[in-house]
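Notes to accompany the following structure.
The values are calculated or read from the model by the stated rules, or taken from the named source; none is laboratory data. Source: prediction; values computed, not measured. Backbone-built Cβ (ideal geometry, glycine too); neighbour counts: all protein chains shown.
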Amino acid sequence: KQPKLAIPVNLVKVNHYASAIKGEVERLETFSKMSVQEFKNNSFAVDRSRYFIVVAIDSALWICRHVSRQLKLKPSKDCFKSLAENGCLSVELAEKLDKISQLRNDLADPTKSVDLDFLYKLVKGDFKALMDRFILEIAKSIKEGCKGER
């Protein structure tokens, strides 16, 4: 039986997508041990990193949209910002997530070039920190409710 939640989400699915995020972040760790030059010169590392980040972003967007629907918020392409405006995520986190989610299509398209220095920075830990914080903040909001702007 599902515990009493402030936001009545499908906990099984939210946990599934949160686990997917964690799994993709773990896969990135292999490449985080490379130097920036090794990373930039290794097309496999670049391609895999792009893919792992896209899967994690898609999972975070699914959670975001699901929580938004449960709160009866108007669908928006700025899902993370919408949750921040309703106090479910910190504004700073939402802005960072929004920036990365806007890169999602470029990351997913192998014909598009991406800033490899930025990608490497994500792989080195920025992305892990961001996703960990997203999972913590969204879990707290699901359990306790959204508290106005944080």
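For region 65-90, how many residues meet the condition of being polar (S, T, N, Q), touching a helix residue (DSSP H, G or I) at 6+ places or on another chain (Cβ under 8 Å) and either surrounded by 16 or more Cβ atoms within 10 Å (Cβ to Cβ) or within 19 Å of A139 (Cβ to Cβ) (or both)?
At the first step, the residues of region 65-90 found to be polar (S, T, N, Q) are 68, 70, 76, 82, 86, 90.
With the extra rule that they be touching a helix residue (DSSP H, G or I) at 6+ places or on another chain (Cβ under 8 Å), the set shrinks to 68, 76, 82, 90.
Next cut, either surrounded by 16 or more Cβ atoms within 10 Å (Cβ to Cβ) or within 19 Å of A139 (Cβ to Cβ) (or both) only: 68, 82, 90.
Matching residues across region 65-90 total 3.
Matching residues to (1) within 21 Å of A18 (Cβ to Cβ); (2) modelled with pLDDT of 95 or more; (3) of a type in the set (A, V, I, L, M):
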site	(1), (2), (3)
V46	no, yes, yes
I57	yes, yes, yes
R69	yes, yes, no
L73	yes, no, yes
K81	yes, yes, no
S90	yes, yes, no
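Within region 91-147, which residues are over 24 Å from L11 (Cβ atoms) and assigned to a loop (DSSP other than H, G, I, E, B)? Can you show your working first?
Here is the first cut: in region 91-147, the ones over 24 Å from L11 (Cβ atoms) are 91-92, 95-96, 98-100, 102-127, 129.
Passing the criteria: D109, P110, T111, K112, S113, V114, D115.
Within region 82-112, which residues are among the hydrophobic types (A, V, I, L, M, F, W, C) and closer than 24 Å to S43 by Cα? First the steps, then the outcome.
Filtering region 82-112 for residues among the hydrophobic types (A, V, I, L, M, F, W, C) gives 83-84, 88-89, 91, 93-94, 97, 100, 103, 107-108.
Passing the criteria: I100, L103, L107, A108.
Which residues, counting only those in region 52-91, are of a type in the set (S, T, Y) and under 11 Å from the mean Cα position of the chain (by Cα)? Break it down into steps so the answer makes sense when it comes.
Taking region 52-91 as the starting set, the residues that turn out to be of a type in the set (S, T, Y) are 59, 68, 76, 82, 90.
Passing the criteria: only S59.
Limited to region 105-150, what total is found for residues that are among the acidic types (D, E) and farther than 29 Å from K33 by Cα?
Here is the first cut: in region 105-150, the ones among the acidic types (D, E) are 106, 109, 115, 117, 126, 132, 137, 144, 149.
Adding the requirement that they be farther than 29 Å from K33 by Cα leaves 144, 149.
Residues that pass the stated criteria total 2.
For region 10-46, enumerate the residues that are surrounded by 13 or more Cβ atoms within 10 Å (Cβ to Cβ) and either of a type in the set (S, T, Y) or more than 18 Å from the chain's Cα centre (by Cα) (or both).
Once the filter is applied, which keeps residues that are surrounded by 13 or more Cβ atoms within 10 Å (Cβ to Cβ) and either of a type in the set (S, T, Y) or more than 18 Å from the chain's Cα centre (by Cα) (or both), region 10-46 yields Y17, T30, F31, S32, M34, V36, F39, K40, N42, A45, V46.
Test I100 against the criterion of being β-branched (V, I, T) and either within 23 Å of I7 (Cα to Cα) or modelled with pLDDT of 95 or more (or both), and give yes or no. Don't jump to the end; show me each part of the working.
Working: β-branched (V, I, T): yes; either within 23 Å of I7 (Cα to Cα) or modelled with pLDDT of 95 or more (or both): no.
Taking the combined requirement at face value, the residue does not satisfy it.
Tell me, yes or no, whether region 122-137 has at least one residue that is in contact with a helix residue (DSSP H, G or I) (Cβ under 7 Å, 6 or more places away or on another chain), surrounded by fewer than 16 Cβ atoms within 10 Å (Cβ to Cβ) and within 19 Å of E29 (Cβ to Cβ). If you could, list the steps in order and put the result at the bottom.
As a first pass, look at region 122-137 and keep what is in contact with a helix residue (DSSP H, G or I) (Cβ under 7 Å, 6 or more places away or on another chain): 122-125, 127-128, 130-131, 133-135, 137.
With surrounded by fewer than 16 Cβ atoms within 10 Å (Cβ to Cβ) added as a condition, the list becomes 125.
Imposing the further condition that a residue be within 19 Å of E29 (Cβ to Cβ) reduces the set to 125.
Among the residues of region 122-137, at least one is in contact with a helix residue (DSSP H, G or I) (Cβ under 7 Å, 6 or more places away or on another chain), surrounded by fewer than 16 Cβ atoms within 10 Å (Cβ to Cβ) and within 19 Å of E29 (Cβ to Cβ), which makes the answer yes.
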